[in-house]
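Trainee: Dropping a structure here in structure tokens format, bear with me for questions.
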């Protein structure tokens with residue numbers, strides 16, 4: 001009895017066909033997985049955007065409420081309704097965004113004063129250079 005070879009011609013052709021099919025399916029499968037991932041990311045982004053829209057819509061409704069506007073004007077801007085006497089207690093905790101006396105920053109001069117001082121400094125600098133003898 002003759003011994004059959006391990007790899008026949010049919011087996012080799014079958015192996016080549018299987019490899020060709022696997023190679024031809026690799027790219028579409030990879031693209032399919034990438035598209036599914038992209039769809040998931042877009043759905044998450046859509047959910048976040050819808051939540052942001054809802055929050056902005058709630059804020060819009062809140063700002064359209066005259067009672068809320070009045071309350072904010074009284075609390076933040078210290079407005080007072082006509083005919084009422086309003087008092088501001090100085091010993092209380094300061095409102096948000098306002099520093100205490102110990103936290104005050106050095107007051108900056110107005111912009112025009114800074115500009116004028118820079119012009120004067122430039123002028124005196126030029127005068128000093130001209131007054132120096134060349135040597």
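Readers should treat all values here as calculations from the given coordinates under stated rules, not as data from a laboratory. If you're wondering where the values come from, they're calculated on a predicted model, not measured in any experiment. Don't worry about glycine lacking a Cβ; one is built from the backbone with ideal geometry, like all the others, and counts go over all protein chains shown.
Trainee: Residue 122 versus residue 107, label points 7 Å from Cα toward the beta carbon: distance in nm?
Mentor: 2.8 nm
Trainee: If R0 is 25 Å, what FRET efficiency do you get for residue 59 and residue 80 from their C-beta distance, rounded to 0.05?
Mentor: It comes out at approximately 0.45.
Trainee: In nm, give the distance between the simple-model label positions of residue 71 and residue 90, each being 7 Å from the Cα along the Cα-to-Cβ direction.
Mentor: 3.0 nm
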